[in-house]
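The block underneath contains the structure these notes are about, expressed in structure tokens.
We did not get these values from a lab; they are worked out from the coordinates using the rules stated. Worth saying up front: this structure is predicted, and the values here are computed from it rather than measured. No Cβ is skipped: glycine too gets one built from the backbone with ideal geometry, and neighbour counts run over all protein chains shown.
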Amino acid sequence: MKPILLLIFGLVISFAAFAQRDTIPDSTGYRVIEKSKQLYPKFYREFQNIKANDQLLKKIRFVKQQAMGPAFASPKGIITINIDYILTPRPNFDDNRLIVVLYHEVGHLHYYVTTKQADWNPENSEKAAFEYSLFKTKELAEKGDCLPLQSGLTFMKLRSEGTNLKDPHVRALKRMVTEPLYAGYLQYSALKCK
């Protein structure tokens, strides 16, 4: 079973390498991020905060590709952001959800440095990334902005109901939403975020 998981993890990394072919210049990507503060001010603020303060982040790479998700991380400390999600707003990817996505990718970086490489697997990496994004959005809620946490809880629950068990995100969320940690975030949200 472990060789299959390594193969799947390798495919995910290969997808990241494939997406690098669509990399756009940093100057263009950072201009898009700078302009994003009009439509996505909270995302912009958290992006700047992560860029300045998270030492695991070695590089930010930008791509523009319609058929790809909003972002992904590599074990080398690189987060790739698909600026198509910023340039072409989507109903389910508002300012709050983009923060969740951003912290999810940072969560992958933390997983890569806290887990021995021999133990890496896609499902556990996704679970750790989802948990990290909830942790960080709860910090925002404690400062008065509950919307990113509520967005994360909502979309994680929805995605956990998916049927594509080949997707490590879905498998990770199916486990996570049944665990006390997730229930604790729901309880916090119900009590503090009215």
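Percent of Cα-Cα pairs per 10 Å bin, from 0 to the last occupied bin, for the chain, please list those.
9, 36, 39, 15, 1
Assuming R0 = 22 Å, what is the FRET efficiency of LEU87 and GLN48, from their Cβ-Cβ distance, to the nearest 0.05?
The calculated FRET efficiency here is 0.70.
Which residues' amide hydrogens lie under 5 Å from the amide hydrogen of ALA71, considering only partners 5 or more residues apart or on another chain, with H built in the peptide plane?
ASN82
With θ set to phi - 60° and the Karplus curve 6.51 cos²θ - 1.76 cosθ + 1.60, what are the ³J(HN,Hα) couplings of the range 48-57 in order, to the nearest whole Hz, using x for Gly and Pro?
After applying 6.51 cos²θ - 1.76 cosθ + 1.60, I find 5, 5, 5, 4, 7, 10, 8, 6, 6, 7 Hz.
At LEU39 and LYS157, where each label point lies 7 Å from the Cα along Cα→Cβ, what is the point-to-point distance in nanometres?
Reported label-point gap for LEU39 and LYS157 is 2.8 nm.
Please check which bits of the range 126-140 a label hung off GLU179 would reach, taking the label as a point 7 Å along Cα-to-C-beta and the cut-off as backbone N under 14 Å.
Inside the label zone: 126-135.
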